[in-house]
Number of protein chains: 2
Amino acid sequence: MNIGDAAKESGVSAKMIRYYEEVGLIRAPARNQNGYRAYDKSNIHELKFIRRARDLGFTVEQISGLMHLWRDRSRASADVKRIALEHVEALEAKTREIEEMANTLKHLAANCHGDGRPDCPIIENLAEGCHHASPTHLGKGFEKLR
Amino acid sequence: MNIGDAAKESGVSAKMIRYYEEVGLIRAPARNQNGYRAYDKSNIHELKFIRRARDLGFTVEQISGLMHLWRDRSRASADVKRIALEHVEALEAKTREIEEMANTLKHLAANCHGDGRPDCPIIENLAEGCHHASPTHLGKGFEKLR
DNA sequence: ATGGACCTTCCAATGATGGGAGGGTCAAGC
DNA sequence: GCTTGACCCTCCCATCATTGGAAGGTCCAT
């Protein structure tokens, strides 16, 4: 099975499969005589695992941890649960931060008549300071959200 | 006023001030005889504008648009309002996507006894497929959320 | 004059992903 | 056998906003 078929079956692009190999998330597969990567069912299984974890918002590093736990039959479910719940917390922190931004903007927009006149509280707030909303300063972790 | 003081006053790091200049978000300021960038109050004002827009999650490109509108005294408030509301929508789409991930994970974790035993529905879901949750496929724009 | 706190430019890295160039390989159809 | 198109390979580059550092120049106080 060449990389293109593996990509189709797993839903992970060929580019990303090579990338995951490069960064050590998956082991380098066997090669055919022509140098093509050869994948089997267990590789596809692994790639699907990765794909689903990506869809849940895990980073490559976190997926690496999950895959070790997956392969380790003696691991405690508590370990997995802890990682999952930590991730839930991180995701919810992100939603709170983004929602805070959205709310501030919504308040500003609600006070903007939105017609042809130039005066606009949104621009004024950006220019002059935060009179309308955004009472607290945004915290760390915020930078990667844009 | 040197770049360090401008950074302190505006809350934008010296590194980022130079970057914003490089990408054309701000115009190159005057230079002293020694080659140091010289900032005045209007520059600080502009940097604070940028800082606040960043805190609201606008990208550099969007801020560029907002600054043009800011400088343009004849602009209609409707233009600003449209940009703001589009951004609110984008932010809320992001929160929905992240919340969907968090909910899926929460459901999985709720079914995981989380003790020393190895069987764990979270890992099983990742390995075998999406039996528990995540009924819909995640949409576009999702990739940048991690 | 020496040190420390500035400033300058240039280069690199982050994380996950896409795009493309330049070149090799394979299988089907002629 | 040759051509063609669809693969595959390895590199390199770009994204976006931000940080870090190196190498070197400047300013000011001691």
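Observations, loosely collected:
- All conditions but one from (1) part of a helix (DSSP H, G or I); (2) touching a residue at least 24 places away in the same chain (Cβ under 8 Å); (3) within 13 Å of another protein chain (Cβ to nearest Cβ) apply to B:D5; the one that does not is (3).
- Taken over the range A:101-113, the criterion of being surrounded by fewer than 20 Cβ atoms within 10 Å (Cβ to Cβ), within 35 Å of the chain's Cα centre (by Cα) and at the interface with chain B (Cβ under 7 Å from one of its Cβ atoms) is satisfied by A:K106 alone.
- Any chance A:A78 is within 11 Å of DNA strand D (Cβ to nearest atom) and without any contact (Cβ under 8 Å) to a residue 24 or more places away in the chain: no
- Subset of the range A:10-57 [near DNA strand C (Cβ under 8 Å from one of its atoms) and within 12 Å of chain B (Cβ to nearest Cβ)]: A:S13, A:M16, A:R54
- Residue match in the range A:62-76 (condition: more than 7 Å from chain B (Cβ to nearest Cβ), open to solvent by 30 Å² or more (accessible area, probe 1.4 Å), within 14 Å of DNA strand C (Cβ to nearest atom) and not in a helix (DSSP H, G or I)): no
- Yes/no for B:R51 being surrounded by fewer than 19 Cβ atoms within 10 Å (Cβ to Cβ) and touching a Ser or Thr at 6+ places or on another chain (Cβ under 8 Å): yes
The values are calculated or read from the model by the stated rules, or taken from the named source; none is laboratory data. Computed from a predicted model, the values in this text were never measured in an experiment. All Cβ positions, even for glycine, are placed from backbone atoms using ideal geometry, and neighbour counts span all protein chains on display. Heavy atoms of the whole protein, side chains included, go into the accessibility calculation; ligands, DNA and RNA do not. Shrake-Rupley method; radii C 1.70, N 1.55, O 1.52, S 1.80 Å.
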